[in-house]
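For reference, the structure is listed below as structure tokens.
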Amino acid sequence: MNTESEKIYDPKTQSSLKNALASVQLTIFLMSLTALTVLIGAWCPQDSANGKEKVVEQFGADTAKLLTQFGITDIYHSPFFLSLIAMLTVNMIACSFLRVFPRIKLLQKPLPFLSGRDIGKLPVNTSVALRGNDQSALTALAVKLSGRGFKVATNGDKLLAEYGKFGRLAATVTHIGLLTLLVGVTITSWTGFSGFQPVLLSSHLDFSQSEHSKLWVGKLPKWTVRVDATHREDHPTGEPKQWFSKLTVLDPQGKELKSQEISVNNPLSYDGVDIYQSSWGLDHIILNFNGKEERLDLRPMGKLYAAFLPLDQNTVMLFSVRADGTIKIFAKRPDWEGPRQLAELTRDKPAKLGPVTISLVKVVPVTGLQYKCDPGLPITYIAFGFIIVGVLMAAIPHRHVWVCLETAAPQGVCAGNENKSQEEIPLASKVLYFGGRSVKAKVGFERLIKTLESQIASEFGLPDQKSEKNEQSAGEIHGKVNSSQNRKEHMLAGSAAGANAKDAGGDS
Amino acid sequence: MSDMQMALTNTAGITSVMSFWVFVASNGFKNRKELLVKIGSWALTLAFAALTAAIITRGIDAQRFPLANLYESLLWFAWATMGAYLVLAKAYGVRQLGWLASLTALLMFLYGSWLPQSQHDIQPLVPALVSYWRWIHVPPLIVSYALFFLGGLSGFIQLYQAGRIASLYTAIATVSLAILAVVLGTFTSVETAWLQILFAGASLIGMVISFRLLQRVDKNRGDLKLAETYDDVSYRCIAIGMPALTFGIITGGLWANHAWGTYWSWDPKESMALVTWLSYAAYIHLRVHRECSSEKLALVSIVGLLLTLMTYLGFNSLGLGGLHSYGNFK
Ligand code: HEM
């Protein structure tokens with residue numbers, strides 16, 4: 001059986017290298033291998049996401065070592081995976097240019113109108129003997145077909161209708177999308193960078209610690225970002241609601257270039273770099289003990305933050321920072337039942353603990369900033385669009401219907417209902433032959449033809465035919481629509497059931 | 001859960017059980033077949049309507065789009081399975097698929113109802129899920145999974161109608177073992193490593209044997225014309241499931257980029273969806289190139305069903321979490 005792609009691309013006339021590169025078997029093999037590799041990557045925790053510890057925890061040290069050795073813990077950066085993608089790319093480019101894109105031309109080639117005899121050879125075909133002699137049945141059929149979305153062309157007593165021609169560009173559109181995606185991803189991986197940095201209030205974010213790929217040829221920005229202010233907003237329950245940071249972009253000389261307050265889902269963009277608010281916390285407090293400043297690191301404790309100051313072997317002082325900025329001071333000893341509150345401290349009210357005066361100098365927050373530069377992103381997004389549209393188009397069935405109005409042939413062998421004996425069709429009357437093909441939705445197409453057949457038969461057909469048509473059950477198709485493949489068999493069996501349209505389509 | 005919602009969900013569950021048995025019975029009573037099939041379809045339509053109402057009620061009760069945890073996603077899955085079947089039945093007149101579709105919906109109801117109460121209760125969303133992207137990203141995925149399930153199930157019927165009985169039984173056993181692994185992983189504390197081996201081992205060995213057994217044809221069984229119909233149905237399911245999956249994966253990427261600045265992070269669930277996507281891309285290429293018999297394609301669609309099961313339920317229940325572990329409740 002000859003598909004159109006084979007008509008365009010004839011393997012026999014091509015070199016064996018070209019054949020190998022443009023082979024769809026190779027595509028399927030590579031796709032399956034890629035799927036398997038990704039499956040393994042999904043199963044085994046990856047270094048980049050979880051660090052090595054997760055693998056050791058899950059499989060034990062020995063197995064983890066083995067997995068690392070074989071590159072399975074970083075499979076998406078392994079030479080094996082990258083060369084697999086490279087081979088898929090070469091295969092896709094070869095296929096696209098040799099097999100897929102040339103089809104666009106083919107779409108413009110007009111199809112011929114068919115005679116009743118040829119219609120009889122189509123995968124799905126039928127005929128209706130008409131009552132009258134005029135063309136009204138043909139016209140009615142044309143109207144019905146265009147009502148169902150077919151593009152109809154007529155030529156005298158012949159008609160050709162096509163549905164979903166546009167869908168035939170599916171492969172082209174999808175593959176252009178995939179190639180574009182590769183371009184976008186490659187640009188990003190060669191010139192993009194990303195990273196995360198916790199930045200204290202009044203400190204600067206720079207890009208010196210950013211991550212990028214091995215083949216990187218990009219440039220890091222010279223400008224830096226200063227955190228001017230940062231705070232959090234809470235729900236009444238104490239859960240964090242939103243985090244804010246006011247950022248200022250500074251050039252190397254310290255000139256202010258841009259200022260903006262960011263929050264989660266509301267990043268700052270400057271010079272192709274996006275800076276996201278991704279976490280927030282309190283880092284440390286600075287307290288003044290009788291004139292001596294002391295820095296105490298804070299740790300998150302549930303919804304609050306606390307700093308610990310050991311006084312002696314057994315006693316620990318605990319500074320708990322509330323959301324409103326007040327600090328409660330506790331002491332804790334093993335022989336006490338719980339911590340005891342000693343004093344409360346606010347920005348303008350120092351606390352006196354015996355001989356010691358403690359005052360709050362400042363609470364220093366830290367804002368977690370995520371940044372990225374993704375120069376390929378617009379191209380990637382365009383690619384996404386193409387891919388979505390392409391696969392959608394692939395779901396559109398492509399259908400052809402040919403119709404021909406002819407004077408009934410004496411033997412009635414040209415087409416259609418073989419089980420209809422000759423006498424049923426008066427010689428002088430006309431017969432409407434119609435049939436067609438659809439590869440992607442054969443059964444639906446057979447039902448369509450069947451429906452049209454019974455409609456035409458009841459409106460324009462000979463009376464005896466009409467009753468016969470109406471007997472057909474609307475259930476699963478065992479109907480009278482014929483398949484050219486099994487026609488001889490059916491003539492012998494006297495039945496019009498069964499079809500093997502699998503190979504009959506002639507196009508995809 | 002409000003009483004209204006409970007009543008509607010139960011109605012959907014009970015009518016889908018009914019429809020399953022009526023469809024099964026229709027195969028037993030040859031002379032009442034038409035009538036029974038009609039009743040079965042009506043019951044399924046009723047179940048579908050009740051479930052639609054149940055999901056809407058849940059959304060109103062929760063004051064949010066009702067697709068945020070595993071239980072809700074199972075309701076959606078059952079809904080999509082029934083809906084897709086009803087459309088297919090109308091377009092193709094495929095009746096045999098009816099009992100498999102109601103069986104699938106029913107299993108999803110059962111699975112859902114066995115989940116702990118915390119899953120049934122309406123709970124506030126974790127911050128990561130508070131986004132309009134949730135209802136752009138998730139429903140197409142669930143719909144695609146449901147369509148891929150129906151595609152695989154049509155593959156089963158196709159094998160039967162093509163007389164590939166030995167291959168069919170092996171494939172059924174394979175899928176059953178995979179489902180067993182998922183169920184054990186969800187409801188028991190069996191070591192997940194064993195379940196992973198059960199799932200992967202059964203799938204691999206079972207499908208290899210099924211492919212081998214394809215040569216054995218029992219000429220007295222089935223109906224080739226129907227085999228062809230189901231071949232077509234299977235292809236339609238996949239051809240429509242594929243854009244839905246593509247849309248779901250890509251919008252997931254857009255969401256991720258919007259939320260934390262990267263559209264792909266090789267998260268396990270993400271990767272698994274890509275595996276499924278690649279395998280159906282392979283199916284489509286096998287299909288348009290026609291180097292493959294339609295029975296082989298049926299088996300490929302069953303491999304796809306296994307991968308879909310893995311992506312949808314397997315990953316959380318077999319202990320391979322990742323970012324999307326909101327489906328995990330243990
Ligand atoms: C990576 C290497 C790939 C190669 C070499 C390749 C090759 C081909 C070829 C030769 C065709 C047949 C064209 C025709 O006869 O109409 C085709 C069709 C198609 N391909 Fe690919 N392909 C590749 C990847 C993909 C991927 C990853 C997808 C994603 C879904 C895809 C989607 C499609 C679609 C939708 C069609 C049209 C199918 C139809 O007409 O129903 N391709 N491809």
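The values are calculated or read from the model by the stated rules, or taken from the named source; none is laboratory data. Here the structure is a predicted model, which is why all the values come from computation and not from measurement. Please note: Cβ atoms are built from the backbone with ideal geometry, for glycine as well, and neighbour counts cover all protein chains shown.
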From the set of residues in the stretch B:206-237 that are more than 9 Å from chain A (Cβ to nearest Cβ) and within 16 Å of the ligand (Cβ to nearest atom), which is surrounded by the most Cβ atoms within 10 Å (Cβ to Cβ)?
B:SER234
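Taking B:MET108, is it under 11 Å from the mean Cα position of the chain (by Cα) and farther than 17 Å from B:VAL183 by Cα?
Numbers: under 11 Å from the mean Cα position of the chain (by Cα): yes; farther than 17 Å from B:VAL183 by Cα: no.
Judged against the criteria, B:MET108 is not a match.
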Among the residues that make up the stretch B:169-177, is at least one of them in a loop (DSSP other than H, G, I, E, B) and away from the ligand (no atom under 16 Å from the Cβ)?
no
Being small (Gly, Ala, Ser), in contact with a Ser or Thr (Cβ under 8 Å, 6 or more places away or on another chain) and in a loop (DSSP other than H, G, I, E, B), is that true of even one residue in the stretch A:304-327?
yes
Just checking, does the stretch A:132-148 include any residue being within 14 Å of another protein chain (Cβ to nearest Cβ), away from the ligand (no atom under 16 Å from the Cβ), farther than 30 Å from A:LEU107 by Cβ and among the hydroxyl-bearing types (Ser, Thr, Tyr)?
no
I need a count of the residues in the stretch B:271-300 that are basic (Lys, Arg) and within 9 Å of the ligand (Cβ to nearest atom).
1
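Out of the helices (runs of 4 or more DSSP H) lying entirely within the stretch A:19-131, which hold 3 or more residues that are away from chain B (no Cβ under 11 Å)?
It comes to A:52-59, A:61-69, A:79-95, A:103-108, A:116-119.
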Top-ranked residue in the stretch B:79-96 [being over 15 Å from B:GLY241 (Cα atoms) and within 14 Å of chain A (Cβ to nearest Cβ); ranked as surrounded by the fewest Cβ atoms within 10 Å (Cβ to Cβ)]
B:LYS90
In contact with a Cys (Cβ under 9 Å, 6 or more places away or on another chain), under 30 Å from A:MET393 (Cβ atoms) and surrounded by 23 or more Cβ atoms within 10 Å (Cβ to Cβ) - does that describe any residue in the stretch A:137-152?
no
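If you take the residues of the stretch B:1-49 that are among the small types (Gly, Ala, Ser) and surrounded by fewer than 22 Cβ atoms within 10 Å (Cβ to Cβ), which of them is nearest to B:GLN119 (Cα to Cα)? Explain how you work it out, then say what you get.
Step one: list which residues in the stretch B:1-49 are among the small types (Gly, Ala, Ser), which gives B:2, B:7, B:12-13, B:16, B:19, B:25-26, B:28, B:40-41, B:43, B:47, B:49.
Filter once more, keeping what is surrounded by fewer than 22 Cβ atoms within 10 Å (Cβ to Cβ): B:2, B:7, B:25, B:28, B:41, B:49.
Working: B:SER2: 14, B:ALA7: 17, B:ALA25: 34, B:GLY28: 39, B:SER41: 30, B:ALA49: 23 Å.
Once the filter is applied, the top-ranked residue is B:SER2.
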Would you confirm whether or not the stretch A:189-208 contains a residue that is surrounded by 16 or more Cβ atoms within 10 Å (Cβ to Cβ), of a type in the set (Ser, Thr, Tyr) and within 16 Å of the ligand (Cβ to nearest atom)?
no
Within the stretch B:305-318, is there a residue that is within 15 Å of the ligand (Cβ to nearest atom) and in contact (Cβ under 8 Å) with a residue 40 or more places away in the chain?
no
Elements of type strands (runs of 3 or more DSSP E) in the stretch A:347-408, at least 3 residues being of a type outside the set (Gly, Ala, Ser), within 16 Å of the ligand (Cβ to nearest atom) and over 30 Å from A:SER127 (Cβ atoms)
none
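I'm trying to understand the selection: among the residues of the stretch B:238-257, which are β-branched (Val, Ile, Thr) and within 8 Å of chain A (Cβ to nearest Cβ)? Before the answer, list the steps.
Step one: list which residues in the stretch B:238-257 are β-branched (Val, Ile, Thr), which gives B:238, B:240, B:246, B:249-251.
Of everything in the stretch B:238-257, those that are β-branched (Val, Ile, Thr) and within 8 Å of chain A (Cβ to nearest Cβ) turn out to be B:ILE240, B:THR246, B:ILE250.
Given the criterion over 57 Å from the mean Cα position of the chain (by Cα), surrounded by 13 or more Cβ atoms within 10 Å (Cβ to Cβ) and not β-branched (Val, Ile, Thr), identify the matching residue among A:ALA351, A:ALA323. Show your work before the answer.
On the way: A:ALA323 fails: over 57 Å from the mean Cα position of the chain (by Cα).
The conditions single out A:ALA351.
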Here's a check for you: in the stretch B:258-269, which residue that is facing chain A (nearest Cβ under 8 Å) and within 26 Å of A:TRP243 (Cβ to Cβ) is modelled with the lowest pLDDT?
B:TRP260
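A quick yes/no check of all residues on (1) out of contact with any Phe, Trp or Tyr (no Cβ under 7 Å at 6 or more places or on another chain); (2) surrounded by fewer than 20 Cβ atoms within 10 Å (Cβ to Cβ); (3) at pLDDT 70 or above:
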| site | (1), (2), (3) |
| --- | --- |
| A:ALA409 | yes, yes, no |
| A:ASN417 | yes, no, no |
| A:LYS420 | yes, yes, no |
| A:GLU424 | yes, yes, no |
| A:PHE434 | no, no, yes |
| A:SER438 | no, no, yes |
| A:GLU446 | yes, no, yes |
| A:LYS450 | yes, yes, yes |
| A:GLY461 | yes, no, yes |
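Pull up the stretch A:161-180, narrow it to residues that are aliphatic (A, V, I, L, M) and touching a Gly at 6+ places or on another chain (Cβ under 9 Å), then point me to the one that is nearest to A:PHE384 (Cα to Cα).
So in the stretch A:161-180, the residues aliphatic (A, V, I, L, M) come out as A:161, A:169-171, A:173, A:176, A:178-179.
Okay, now just the ones that are also touching a Gly at 6+ places or on another chain (Cβ under 9 Å), so A:161, A:169-171, A:173, A:176, A:178.
Details: A:ALA161: 33, A:LEU169: 16, A:ALA170: 14, A:ALA171: 15, A:VAL173: 11, A:ILE176: 10, A:LEU178: 8 Å.
Among them, the one singled out is A:LEU178.
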Let me spell it out: the conditions are (1) in contact with an Asp or Glu (Cβ under 6 Å, 6 or more places away or on another chain); (2) within 16 Å of the ligand (Cβ to nearest atom), and A:THR172 meets all of them except one. Which number is the exception?
(1)
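Working carefully through the options A:PHE97, A:PHE101, find the one that is aromatic (Phe, Trp, Tyr), modelled with pLDDT under 90 and more than 10 Å from the ligand (Cβ to nearest atom). Break it down into steps so the answer makes sense when it comes.
Values: A:PHE101 fails: more than 10 Å from the ligand (Cβ to nearest atom).
Of A:PHE97, A:PHE101, the one residue that is aromatic (Phe, Trp, Tyr), modelled with pLDDT under 90 and more than 10 Å from the ligand (Cβ to nearest atom) is A:PHE97.
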Just a yes or no: is a residue in the stretch A:109-124 under 35 Å from the mean Cα position of the chain (by Cα) and within 16 Å of the ligand (Cβ to nearest atom)?
yes
Give the number of residues within the stretch A:193-207 that are farther than 25 Å from A:ASP374 by Cα, free of Cβ contacts under 8 Å to residues at least 60 places away in the same chain and outside any loop (DSSP other than H, G, I, E, B).
0
Give the number of residues within the stretch B:212-230 that are modelled with pLDDT of 85 or more and in contact with a Lys or Arg (Cβ under 8 Å, 6 or more places away or on another chain).
5
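Kindly establish whether B:LEU286 is facing chain A (nearest Cβ under 7 Å), touching a Cys at 6+ places or on another chain (Cβ under 9 Å), assigned to a helix (DSSP H, G or I) and not hydroxyl-bearing (Ser, Thr, Tyr). Don't jump to the end; show me each part of the working.
On the way: facing chain A (nearest Cβ under 7 Å): yes; touching a Cys at 6+ places or on another chain (Cβ under 9 Å): yes; assigned to a helix (DSSP H, G or I): yes; not hydroxyl-bearing (Ser, Thr, Tyr): yes.
So B:LEU286 fits the description; yes.
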